[in-house]
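Single-structure report; data block below.
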Amino acid sequence: MPDATTDYIVEIEGLGFSRGDRPVLDDLSLGIRRGEVTAIMGPSGTGKTTLLRLITGQLEPERGDIRVDGRHVNRLSRRELYEMRQDIGMLFQQGALLTDYDVFENVAFPLREHTNLPERLIRQVVLTKLHAVGLRGAARMMPSELSGGMARRVALARAIVMDPKLLIYDEPFAGLDPISLGVVLRLIRNMNDALNITSIVVSHDVLQTAAVADRSFILADGKVVASGSPEQLRTHDSGFVQQFMHGHADGPVPFHYPAPDYAEHLLSRRES
Amino acid sequence: MRESIEKLGAVTLFFGRVLAALPQAALSRPGLVVAQIYNAGTVSLILIMICGFFVGMVLGLQGYDSLSRFSAEDSLGTLSALSLFKELGPVVTALLFAGRAGTSMTSEIGLMRATDQLSAMEMMAVDPVKRVVVPRFLGGVIAMPLLVAIFNAIGITGTYAIGVSVMGVDSGVFWSQLLSTVDLSDVAEGIFKSVVFGVAASLLAVFEGYTCTPTAEGVGAATTRTVVETAVSILVLDYLITAALI
Ligand SMILES: Nc1ncnc2c1ncn2[C@@H]1O[C@H](COP(=O)(O)OP(=O)(O)OP(=O)(O)O)[C@@H](O)[C@H]1O
Ligand SMILES: [Mg+2]
């Protein structure tokens, strides 16, 4: 039975996941509170996108437990998983709009697939959501005609069209100009408060994320190394958190992916 | 060798998944299937008509040359019809189909994979196998026999053009021989082959797209594999069916 009484919409305990022999996530635990904007931050390649795919059941964990709104994600059948996803809106890193359809049809897609609403109502809902992201005027444009920032806003309109309980953003700020960035930041905050939902924002952009998040988790080496409000993190005493929050190149986090000794590698004949 | 067997296993499992999703996908959204029949059919149509006509004309020339050595020019219509119905129609159409409609299915689905559109559908609780794969698969399977019929009809016209108009075979004899010798079973063999080839060509096309490496090169490589694998499978299947039926 879904148990909706806890404060947490997502609860993760002892999560482990590897790609090949390399562990990506290792004994990771965290909880995401209802109604808040939670940021998940961490250096590139620490498994933030992987974590999102695990939460939404696109990947299966090797160890540990993930509960979303009381459901154990890795124990759901495909049908139950699809049912759960109807309560989740997800914004992909590149928007992932359906290139065969125009903006209007992209936003209408979940409605057409999951409801039998009359055309007139679909039109109203879609235009309302497009208006919310400021793109009502672009309804008849094709995805290929949109800029990156516009595409992401359309994807946001599509993600909220089914009125989800949980909205997940993967790198919503990457590659945006300052104006679009401000727009997206404000949208994330407004969506969360106006629609009374929970948001997860994955990003490595410390400043932007701090501006919008109520609480942040910082991942490294497959674990949560720090968590708290942006203020708490800025004054955190761990060397790693300091390095990450302030963007120093040197510190506990190596800039290099694990590799053989540099000199030896250059001198050896074969790629090991 | 081991790779081919693994591939065969993967294709078979995928086929099972497609078949399991097929009834519901086809019944709930027949419009999508019709659109894909139209797609698969129209992209290949002109190509198949042109090739059919040339293959028919070659049959006319070669057939006339061979048959006249036995003074059997009257059987030219029969020769052409049997060659086309039983072998050339299904085989050549399937090969052309793989090169035109098959590659476009693979690259469409592969591009959707590479740009996360398939993941996005899954996240919107829409099964991409039902929404994207089944309509294309079924569209190809239904379009194939229709394309084969068109190829055959135009092929015979090509033979007629050479045999009757150029070589001087009597038109009445051409048709009456053809009608009296070609059996329903010959036609049925051709239809059976075209359905099997339609399944094989469409299945490989959607499989390669669905499972491709999600990058630009990945889509390109998958498209090439579609053509190569379909060509080999069609010729092997053709041998197996022919051997079983003769
Ligand atoms: N499909 C895959 N196959 C194999 N390895 C993968 C795959 N996807 C990701 N990885 C590996 O898993 C690790 C975590 O990747 P992930 O995409 O989750 O990182 P990320 O934190 O989202 O990084 P970024 O901030 O750059 O988006 C990376 O080291 C990557 O090499
Ligand atoms: Mg990522």
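Values in this text are rule-based calculations from the coordinates and carry no lab data. Keep in mind the model is a prediction, meaning the values are calculated, not measured. When we count neighbours, we look across all protein chains shown, and the Cβ atoms used for this are built from the backbone with ideal geometry, even at glycine.
A few comments on the model shown:
- Per DSSP, loop trypsin sites (Lys or Arg not before Pro) in segment A:49-142 with at most 12 further Cβ within 10 Å: A:Arg140
- Integer Hz, Karplus 6.51/-1.76/1.60 couplings in order for segment A:127-142, x for Gly and Pro: 5, 4, 5, 5, 4, 4, 9, x, 10, 4, x, 9, 3, 9, 7, 8
- Estimated inter-spin distance, B:Val34 and B:Met1, nm [label 7 Å along Cα→Cβ]: 5.1 nm
- Antiparallel %, DSSP beta bridges [both residues in chain A], to 5: 55 percent
- For the protein assembly as shown, taking the reciprocal of the average inverse distance between every pair of different Cα atoms yields a Kirkwood hydrodynamic radius of 26.7 Å.
- Once the Cβ-Cβ distance of A:Leu266 and A:Arg234 is raised to the sixth power relative to R0 = 56 Å, the FRET efficiency obtained is 0.90.
- Label point distance in nm, B:Asp170-A:Met142, each placed 7 Å from Cα along Cα→Cβ: 5.8 nm
- Size of segment B:30-245: Rg and Dmax of its alpha carbons, in Å, are 19.9, 69.
- For segment A:130-172 and segment A:182-202, distance of Cα centres in Å: 13 Å
- Segment B:124-194: C-alpha pair distances exceeding 13 Å, %: 75 percent
- Taking A:Val107, B:Val187, B:Val126 and counting other C-beta atoms within 10 Å, the order from fewest to most: B:Val187, B:Val126, A:Val107
- Semi-axis lengths, Å, segment A:115-242, gyration tensor of Cα atoms, sqrt of 5 times eigenvalues: 32, 16, 12
- Cα pair distances of chain A binned at 5 Å [whole percent]: 1, 5, 12, 15, 17, 16, 13, 9, 6, 3, 2, 1, 0, 0
- Kirkwood hydrodynamic radius of segment B:1-132, Cα pairs, Å: 18.4 Å
- Here the residues B:Leu240, A:Leu15, A:Leu30, ranked from fewest to most Cβ neighbours within 10 Å of their Cβ, fall in the order B:Leu240, A:Leu30, A:Leu15.
- C-alpha center-to-center spacing [segment A:65-101, segment B:50-105] in angstrom: 52 Å
- Part-to-part distance (alpha-carbon centres) for segment B:158-217 and segment B:122-145, which is given in Å: 25 Å
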